[in-house]
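The values are calculated or read from the model by the stated rules, or taken from the named source; none is laboratory data. All figures in this text were calculated on a predicted structure; none of them were measured in a lab. Cβ: placed from backbone, ideal geometry, glycine included. Neighbour counts: every protein chain shown.
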Amino acid sequence: MTTRQVDPWRFAGRFLENVLSGSIPDEPAYAEIPWTPVQKPLSESKLALLSTAGISMKGDKPFDMEGERKRPTWGDPSWRALRSDATCATIESNHLHIDTGYIERDLNVALPLDRLRELVGSGEVGSMADTHYSIMGFQGADSSVLENESAPEIARSMVAEQVDLVLLAPV
């Protein structure tokens with residue numbers, strides 16, 4: 001079996017790696033992950049995407065990059081709803097910890113809406129949610145607001161839209 005090493009800093013750059021890598025713990029402090037078993041076949045399921053790229057729709061409140069600049073070990077813990085018809089022309093990516101140029105050229109690298117449409121079109125996925133979501137993946141030392149406020153709000157929104165499955169698109 002071949003083992004492949006993933007470079008988690010590939011798109012962030014060596015400067016951010018040097019600044020931030022020492023403040024990120026090697027092991028998360030969670031006892032268990034609250035997975036929920038899949039209830040129906042993928043071909044019958046409604047799927048939503050969740051990106052960690054700090055994406056917002058143009059005209060919506062962007063993620064707080066000024067707060068990030070002032071406090072480099074802090075990340076905006078809020079979330080944004082994204083329309084299913086989002087394109088590079090209709091979104092902004094507000095995140096200092098990644099190179100957003102990739103997203104500006106091809107939204108699918110952070111929010112694979114086109115790939116999901118293809119899967120729905122081929123019948124492999126039942127349907128696509130009207131709403132998708134974005135958070136800022138970097139949270140620094142304190143992720144409590146993301147965990148205790150934003151994540152439950154996102155989950156309530158997905159339940160209201162009758163989303164069956166969520167695909168995490170981490171960047």
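Counting residues in the range 71-93 that are under 20 Å from Ser21 (Cα atoms) and hydroxyl-bearing (Ser, Thr, Tyr) gives one or more. Which residue is farthest from the chain's Cα centre (by Cα), if the candidates are limited to the range 24-40 and must be at pLDDT 70 or above and surrounded by 10 or more Cβ atoms within 10 Å (Cβ to Cβ)? Among those residues, the one meeting the criterion is Lys40. Would you confirm whether any residue within the range 42-54 is surrounded by 11 or more Cβ atoms within 10 Å (Cβ to Cβ), on the phi < 0 side of the Ramachandran plot, modelled with pLDDT of 80 or more and part of a loop (DSSP other than H, G, I, E, B)? Yes, the conditions are met somewhere in the range 42-54.
Restricted to the range 106-165, and to residues there that are over 12 Å from the mean Cα position of the chain (by Cα), among the small types (Gly, Ala, Ser) and in a helix (DSSP H, G or I), the residue that is farthest from Lys46 (Cα to Cα) is Ser144.
Residues of the range 143-171 that are among the charged types (D, E, K, R) and touching a strand residue (DSSP E or B) at 6+ places or on another chain (Cβ under 8 Å): Glu153, Glu161, Asp164. Residue check: His97 meets all listed conditions (1) of a type outside the set (Phe, Trp, Tyr); (2) buried (at least 19 other Cβ atoms within 10 Å of the Cβ); (3) over 20 Å from Ala12 (Cβ atoms) but one, namely (3). Of the residues making up the range 68-100, those that are outside any loop (DSSP other than H, G, I, E, B) and out of contact with any strand residue (DSSP E or B) (no Cβ under 6 Å at 6 or more places or on another chain) are Glu68, Arg69, Lys70, Arg83.
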